[in-house]
Amino acid sequence: MITNFGEKSTKLFEKYMPNAFVFAMLLTIITGLIAFIWLEASPMDIIRGWYDGFYSLLEFGMQIVLIIITGFAIALSPFVKNGIDKLTNYIKTPQQVYFFVVLIGTLLSLISFGWIVITCVLARELAIRIKGVNYPFLVACVYFSGGSWVTGLSSSIPLLLGTENNYLIESGILTDIIPTSYTLGSGLSFAMMALYVLFAPLMIVFLIPKTKNIKQLDDMLEDKTVKKELSIKEEAFSMNLSYKSVSDKLNNGVLLLICIVLMGLTYIIYHFYTNGFQLNFNIMIFIFLITGLALHKTPMRYVIAMKRSSSNVSGILYQYPFYAGIMGIMLYTGLGEKLAEIMASVATIETYPFFAYVTGGIVNFAIPSAGGEFAVVGPSIINAVKVIGEGLPANEVTAMISRASLSIAYGESLSNILQPFYLLLVFPIMETGIKIQARDVMGYLVIPFVVFFIIQSLLITYIPL
């Protein structure tokens with residue numbers, strides 16, 4: 001029954017799921033029509049909001065690009081490659097591939113959502129070495145494993161709530177920061193973490209497609225001729241002049257690199273000493289950059305690694321502004337606030353976490369950014385929770401706000417697996433040399449979505465903070 005349902009879901013996505021960029025264009029039109037029909041926003045207001053939002057997430061889009069290429073550069077280092085080589089010696093069957101890819105992927109994503117690129121490198125290497133791996137299903141496993149980021153160190157909504165003078169405090173919605181003991185350090189967060197790390201790998205094993213007509217990586221490669229790519233070290237050496245030169249000594253020397261790495265390490269220590277264990281996108285990118293430099297040992301090798309890492313990130317560069325434009329429509333026409341108000345108006349003290357969870361999941365299809373989405377719907381939901389909790393002690397209201405905020409984050413993260421945008425984190429590595437689209441992958445994620453929706457709904461409602 002599970003196999004049949006999975007096959008039917010895959011066929012439906014193959015038939016109806018357009019290219020990820022076309023999906024973004026459709027969402028733009030649909031969002032504009034909803035604002036026009038429901039809120040009676042004028043076409044010019046919609047278009048102006050779309051344009052005003054179009055460039056509002058450029059910084060975040062560049063952060064995503066840098067997370068990908070700096071993380072990928074680490075994955076290309078000899079240290080990580082040797083680690084992957086040793087790990088693959090213990091994984092022998094397709095079932096073990098799926099299990100360990102999800103397990104390792106969830107653990108890596110707890111550190112940063114950008115580390116999904118290391119999972120991609122591992123998964124592709126396993127698909128090359130082990131016969132019988134259903135490659136589209138493996139891509140789905142990689143993508144699904146990234147969902148654990150919402151309980152980890154780069155979870156943007158808890159980090160925002162714990163940031164001094166954030167926009168919620170400046171606008172009077174909150175009076176003070178919400179400590180991480182209420183969010184990432186809560187019992188609910190640890191329960192959700194266990195769901196991803198312990199339950200998800202086992203669930204994936206039960207969902208392995210039983211069909212015999214699987215698509216292996218070898219079968220999908222467009223160019224089946226074996227081409228031995230130069231190692232990064234070999235390519236760097238090949239670029240040297242035929243005689244000794246100062247430029248080659250600088251390019252391949254370690255002294256300059258050591259100085260930069262020491263400067264970077266000094267700042268990283270300073271950052272955590274002065275801010276505590278506070279992570280944000282910028283410091284994560286900086287850590288990745290300095291770590292990559294250190295692991296590649298010379299400037300030229302790192303240049304080559306970064307060139308290889310950035311060879312296929314065009315999808316993010318041109319698609320993210322369209323999602324920022326959708327966010328602009330929802331923000332400037334009041335559509336996002338209206339959706340949050342409707343959800344909040346029917347919520348009670350027992351049901352508000354579920355409604356916040358559903359809101360996070362629905363709005364994510366239009367705004368696939370936890371931080372961007374929270375900016376649109378978070379204030380309305382927090383205000384509604386404050387009304388629901390009126391008369392309760394301050395610490396209980398804070399706990400309610402934390403639960404609602406976490407629920408938005410969990411809903412947003414789960415619906416990502418049915419929203420193709422963040423496949424752009426995976427495809428630059430997983431689609432090398434083959435033709436694969438979102439529609440080939442998304443059908444395998446329907447059952448995991450349903451199972452996790454049910455379990456997460458129960459957890460956010462009943463697990464205490």
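The values are calculated or read from the model by the stated rules, or taken from the named source; none is laboratory data. Small disclaimer: the values here were computed from a predicted structure and weren't measured. FYI the Cβ positions are ideal-geometry reconstructions off the backbone, even for glycines, and counts take in every protein chain you see. Accessible surface is based on the protein model in full, side chains and every heavy atom, while ligands, DNA and RNA are left aside. Shrake-Rupley method; radii C 1.70, N 1.55, O 1.52, S 1.80 Å.
Note on LYS244/LEU26: beta-carbon distance plugged into 1/(1 + (r/R0)^6) with R0 of 45 Å gives a FRET efficiency of 0.15.
Ligands, DNA and RNA left out, the accessible area of segment 364-435 computed with a 1.4 Å probe is 60% carbon and sulfur. Residue by residue, segment 423-438 carries 3J(HN,Hα) couplings of 4, 5, 6, 8, 4, x, 9, 6, 9, 4, x, 9, 10, 8, 10, 4 Hz when phi is fed to the Karplus relation 6.51 cos²θ - 1.76 cosθ + 1.60 (θ = phi - 60°); x denotes Gly or Pro. Stretching the chain fully between THR348 and LYS212 yields a gain of 44.0 nm (0.36 nm per residue, less the alpha carbon separation).
Over segment 327-465, what relative contact order in percent results from Cα pairs under 8 Å that are six or more residues apart?
Reported as a whole number, the value is 29 percent.
Rounded to the nearest 10 degrees, the angle from helix 43-54 to the longest Cα principal axis of the chain is 40 degrees.
A straight line joining the Cα centroids of segment 303-353 and segment 61-105 runs 27 Å. When nucleic acids and ligands are ignored and a 1.4 Å probe is applied, LYS386 ends up with an accessible area of around 70 Å². So for the chain, averaging the separation of alpha carbon pairs under 8 Å that are six or more residues apart and normalising by length, what relative contact order in percent results? In percent, rounded to a whole number, it is 29.
Sequence-ordered 3J(HN,Hα) estimates for segment 290-305 from the Karplus curve with 6.51, -1.76 and 1.60 and θ = phi - 60° stand at 5, 4, x, 4, 5, 6, 8, 6, 9, x, 5, 5, 5, 4, 5, 4 Hz, glycine and proline given as x. Cα centroid separation, segment 23-50 to segment 358-388: 19 Å.
Within 10 Å, at most 11 other Cβ atoms, and a DSSP state outside H, G, I, E, B define an exposed site. Report the longest part of the chain free of exposed GluC sites (Glu not before Pro). Walk me through the intermediate numbers first.
Values: sites that count: GLU40, GLU164, GLU222, GLU229, GLU350, GLU390.
Between exposed loop sites, the widest span is 41-163.
For the cross-link pairs LYS131/LYS210; LYS81/LYS244; LYS81/LYS212; LYS86/LYS244; LYS15/LYS81; LYS8/LYS92, which exceed 26 Å when the distance is taken from alpha carbon to alpha carbon? Where the Cα-Cα span goes over 26 Å, the pairs concerned are LYS81/LYS244; LYS81/LYS212; LYS86/LYS244; LYS15/LYS81; LYS8/LYS92.
For segment 256-359, the relative contact order works out to 19 percent when only alpha carbon pairs closer than 8 Å and six or more residues apart are counted. Ranking TRP50, TRP38, TRP115 from most to least accessible surface, computed with a 1.4 Å probe over the protein chains only, gives TRP38, TRP50, TRP115.
Projecting the Cα positions of THR183, TYR332, ALA305 onto the charge dipole of the chain (unit charges on Cβ atoms of Lys, Arg, Asp and Glu, taken about the Cα centre) puts ALA305 furthest along the positive direction.
With a 1.4 Å probe rolled over the protein heavy atoms of all chains, the accessible area of PHE199, PHE355 falls in the order PHE199, PHE355, largest first. Kirkwood hydrodynamic radius, the chain, all distinct C-alpha pairs: what's the number in Å? Result for the chain, one decimal place: 23.5 Å. Taken one residue at a time, the phi angles of segment 154-162 give Karplus couplings (6.51, -1.76, 1.60, θ = phi - 60°) of 10, 5, 6, 5, x, 5, 5, 4, x Hz. Gly and Pro are set to x. If R0 is taken as 22 Å, the Cβ-Cβ distance between SER314 and ASN282 corresponds to a FRET efficiency of 0.40.
Were the residues from LEU265 through LYS8 laid out at 0.36 nm apart, the gain over their Cα-Cα distance would be 87.4 nm. Relative to the dominant Cα principal axis of the chain, helix 116-129 is inclined by about 50°. How tilted is helix 446-462 with respect to the longest principal axis of the chain? Cα atoms for both, answer in degrees (0 to 90, nearest 10). Once rounded, the angle reads 50 degrees. Remark on GLY162: its backbone amide H falls under 5 Å from those of ILE178, a criterion applied only to residues 5 or more positions apart or on other chains, H modelled at 1.01 Å from N.
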